[in-house]
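Take a look at the structure set out below.
The values are calculated or read from the model by the stated rules, or taken from the named source; none is laboratory data. This structure is a prediction, so every number in the text was calculated from the model and none was measured. Using ideal geometry, Cβ is built from the backbone for each residue, glycine included, and neighbour counts are taken over all protein chains shown. These accessible areas exclude ligands, DNA and RNA; they are computed on the full protein's heavy atoms, side chains included. Shrake-Rupley method; radii C 1.70, N 1.55, O 1.52, S 1.80 Å.
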Amino acid sequence: TPFASDLRTALSSRVVVADGAMGTMLQEYDLGMDDFEGFEGCNEILSVTRPDILREIHSAYFEAGSDCVETNTFGTNLSALGEYGISDRIAELALAAARVAREAADAYATPERPRWVLGSVGPGTKLPTLGHVTFRELRDAYQVQVGAMVEGGIDGVLVETAQDILQAKAAVIGAKRALAAAGRDLPIIVSVTVETTGAMLVGSDIGAALVALEPLGIDMISMNCATGPAEMREHLHHLADNATIMVGCMPNAGLPELTSDGAHYPLQPVQLADALDEYTRDYNLALVGGCCGTTPEHIRQVVDRVQGRPLNVRKVTPPPSASSLYTDVPFRQDISYLAIGERTNANGSKAFREAMLAENWDECVDIAKSQSRGGAHLLDLCIDYVGRDGRADMDTLAFRLATAVTLPIVLDSTEPPVVEAGLERLGGRSVINSVNYEDGDGPDSRMAKVMPMVKEHGAAVVALTIDEEGQARTAEWKVRVATRLIEDLTGNWGLRLGDILVDTLTFPIGTGQEETRRDALETIEAIKEIKRLYPEVNTTLGVSNVSFGLAPAARVVLNSVFLHEAVQAGLDSAIVHAAKIMPMNRIPDDQRQVALDMIYDRRRE
Ligand code: HCS
């Protein structure tokens with residue numbers, strides 16, 4: 001039936017219309033200090049003191065034809081209630097608000113015309129990316145809020161007005177934990193706010209937000225607040241072309257104009273309806289509604305134009321990508337390879353290690369920035385160093401790098417708590433380096449500890465060809481472990497093939513040791529075979545290891561030639577010092593020949 005009572009089913013088949021504003025509607029009422037229990041301006045209090053007003057607003061939207069209304073819980077969170085010193089009332093106020101909305105919805109619902117309640121989850125006033133609040137505090141408070149709203153009868157969760165991707169992640173993860181605890185599977189929508197600058201408050205473009213949020217396992221990405229529909233158009237276009245999940249839009253009634261008696265929203269109901277009519281067609285929007293300045297009259301006109309319109313199937317195949325706070329970076333580059341900067345590594349770079357040990361964080365950030373200038377697309381960050389507090393070092397550096405560099409981060413650590421510290425600081429989509437079977441895949445293995453974090457935070461992974469027997473040395477062994485990893489990560493952990501970067505490992509071939517001299521060759525053969533078996537999987541490699549032990553100039557040549565050969569064989573990305581990779585036409589023929597003979601084990605004794 002076209003009016004199935006399940007919200008998720010409805011959203012996937014036809015245009016669902018939400019309500020308009022709550023906050024600006026409340027401003028129209030003449031409310032006194034008593035209504036706010038003395039907490040002047042704290043709209044959330046009204047859920048217990050003036051449920052009659054909320055009922056009136058919800059009813060007005062249902063009368064106008066809304067399929068769903070939002071709970072009065074935009075500020076029922078840690079920081080917004082915290083401003084009034086009442087953050088201990090999150091559950092109480094969220095529950096009360098959800099009950100009022102539920103009752104209103106039930107009063108209008110009929111078998112033919114279900115009405116739903118979306119639990120509004122606002123951003124609060126403190127942004128984790130800027131260090132105002134920790135990820136964990138936020139996540140846990142959001143869990144409390146969503147848990148109470150579920151108890152109050154919501155049909156879906158709407159994380160809205162997201163200004164910081166990391167805050168939105170905390171909200172989604174908190175919501176998922178609450179839903180799991182309640183044994184419920186409700187749709188989760190994340191609606192981001194893009195300012196007139198074209199970016200979210202912390203500087204993220206819409207692509208960065210999509211790449212980071214979609215893998216969390218949400219149902220829809222939407223946009224709301226800050227602007228009217230006109231300014232949202234190009235961003236909606238991007239979402240329509242790149243989101244594999246549903247897309248929604250709830251604009252303000254235009255850009256607010258400041259007048260002597262407060263903000264005035266200029267967009268007329270028919271203009272909002274015109275825009276949303278066009279956007280639902282062009283971008284196949286599943287949910288539309290209004291934000292600040294919109295009224296039941298706006299919604300009435302939107303309902304008349306788009307409500308119930310069937311959705312087309314949007315078939316998109318966006319490239320698997322990582323993102324920084326600012327922008328997204330596909331794992332597969334059109335030309336050449338994806339360069340993962342290797343210098344921000346306490347084991348691989350002396351300069352970085354010394355800066356870290358001296359806790360000269362500015363210097364660490366400078367090294368990261370120089371990688372960025374040198375041509376890296378992603379940044380490998382490894383702070384593991386015996387005797388240091390890895391969690392603390394990762395916490396410090398990931399926090400700084402999140403805003404200081406525009407490159408997505410590869411969190412490189414053998415310690416699950418270190419990986420977690422990084423994930424809790426990075427708003428973008430990170431890559432975890434690595435998972436492998438060094439200690440097997442049992443319940444106490446690192447694999448079993450890291451993968452739940454990868455899943456919960458929506459990260460991608462480097463899958464390293466190491467098993468219980470050690471580091472895979474032959475092509476056959478490398479392919480065997482890669483296959484096991486790929487099948488495990490997709491089958492048991494639900495990763496997409498494109499979110500796996502298989503690292504086939506390579507050993508130094510110039511040390512004169514008999515047992516490693518064929519290593520580059522075996523690696524190249526393994527890459528070819530893995531790409532043949534799994535064309536969608538990405539491959540990566542720590543290239544510089546191949547030349548370990550040689551003189552610096554020879555290392556540059558061997559690394560560059562080996563990288564070139566590996567890319568020819570199908571290598572998608574490499575962990576390298578990008579600025580020190582030479583193009584083939586700049587390497588003298590005789591030197592290149594020596595390198596090729598080493599790589600393909602054609603050395604004369
Ligand atoms: N649903 C909220 C959003 C504020 S940005 C409201 O007040 O309408």
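Go through the range 263-290 and report how many residues are within 16 Å of Phe62 (Cα to Cα) and either more than 15 Å from the ligand (Cβ to nearest atom) or hydrophobic (A, V, I, L, M, F, W, C) (or both). Quick ask: steps written out before the conclusion?
In the first step, residues of the range 263-290 are kept if they are within 16 Å of Phe62 (Cα to Cα); the result is 287-290.
Okay, now just the ones that are also either more than 15 Å from the ligand (Cβ to nearest atom) or hydrophobic (A, V, I, L, M, F, W, C) (or both), so 287-288.
Residues that pass the stated criteria total 2.
Out of everything in the range 41-50 that is out of contact with any Asp or Glu (no Cβ under 6 Å at 6 or more places or on another chain) and part of a helix (DSSP H, G or I), what residue ends up being farthest from the ligand (Cβ to nearest atom)? First the steps, then the outcome.
As a first pass, look at the range 41-50 and keep what is out of contact with any Asp or Glu (no Cβ under 6 Å at 6 or more places or on another chain): 41-44, 46-48.
Those still in the list that are part of a helix (DSSP H, G or I) too: 43-44, 46-48.
Values: Asn43: 8, Glu44: 11, Leu46: 12, Ser47: 13, Val48: 18 Å.
Filtering first and then ranking leaves Val48.
Counting only residues that are farther than 24 Å from Trp477 by Cβ, give me the helices (runs of 4 or more DSSP H) lying completely in the range 493-605 with at least 2 of them. So that I can check it myself, show each step before the final result.
Working: elements: 519-533, 552-569, 589-599.
Once the helices (runs of 4 or more DSSP H) in the range 493-605 are filtered for at least 2 residues that are farther than 24 Å from Trp477 by Cβ, what remains is 552-569, 589-599.
Mind listing just one residue for me: the one in the range 8-20 that is over 9 Å from Gly289 (Cα atoms) and open to solvent by less than 30 Å² (accessible area, probe 1.4 Å) and, of those, farthest from the ligand (Cβ to nearest atom)?
Residues of the range 8-20 that are over 9 Å from Gly289 (Cα atoms), as a first pass: 8-15.
Okay, now just the ones that are also open to solvent by less than 30 Å² (accessible area, probe 1.4 Å), so 10-11, 14-15.
On the way: Ala10: 20, Leu11: 18, Arg14: 22, Val15: 19 Å.
The selected residue is Arg14.
Looking at the structure I just gave you, is Arg602 surrounded by fewer than 16 Cβ atoms within 10 Å (Cβ to Cβ) and either of a type outside the set (A, V, I, L, M, F, W, C) or in the same structural domain as Val450 (by TED's automatic domain parsing) (or both)? It would help to see each step written out before you state the result.
Numbers: surrounded by fewer than 16 Cβ atoms within 10 Å (Cβ to Cβ): yes; either of a type outside the set (A, V, I, L, M, F, W, C) or in the same structural domain as Val450 (by TED's automatic domain parsing) (or both): yes.
So Arg602 fits the description; yes.
For the range 129-157, which residues satisfy the criterion of being in contact with a Ser or Thr (Cβ under 7 Å, 6 or more places away or on another chain) and either farther than 14 Å from Asn77 by Cα or among the basic types (Lys, Arg) (or both)?
Thr129, Ile154
Taking the range 261-281 as the region of interest, how many residues are among the aliphatic types (A, V, I, L, M), crowded, with 20+ Cβ neighbours inside 10 Å and not in a helix (DSSP H, G or I)?
Qualifying residue count, the range 261-281: 1.
Yes or no: the range 282-290 includes at least one residue that is under 30 Å from Ala253 (Cβ atoms), open to solvent by less than 20 Å² (accessible area, probe 1.4 Å), of a type in the set (Ser, Thr, Tyr) and part of a helix (DSSP H, G or I).
yes
Considering the range 186-205 alone, what residues qualify as being of a type in the set (A, V, I, L, M), in contact with a helix residue (DSSP H, G or I) (Cβ under 8 Å, 6 or more places away or on another chain) and open to solvent by 10 Å² or more (accessible area, probe 1.4 Å)?
Residues of the range 186-205 of a type in the set (A, V, I, L, M): 186, 188-190, 192, 194, 199-202.
Subset that is in contact with a helix residue (DSSP H, G or I) (Cβ under 8 Å, 6 or more places away or on another chain): 186, 188, 190, 192, 194, 200, 202.
Leu186, Val202 - these are the residues of the range 186-205 that are of a type in the set (A, V, I, L, M), in contact with a helix residue (DSSP H, G or I) (Cβ under 8 Å, 6 or more places away or on another chain) and open to solvent by 10 Å² or more (accessible area, probe 1.4 Å).
Going residue by residue through the range 29-40, is there one that turns out to be within 16 Å of the ligand (Cβ to nearest atom) and open to solvent by less than 10 Å² (accessible area, probe 1.4 Å)?
no
Considering (1) part of a helix (DSSP H, G or I); (2) among the hydrophobic types (A, V, I, L, M, F, W, C); (3) farther than 28 Å from Val313 by Cα, say which one Ala10 fails and leave the rest.
Unmet for Ala10, out of (1) part of a helix (DSSP H, G or I); (2) among the hydrophobic types (A, V, I, L, M, F, W, C); (3) farther than 28 Å from Val313 by Cα: (3).
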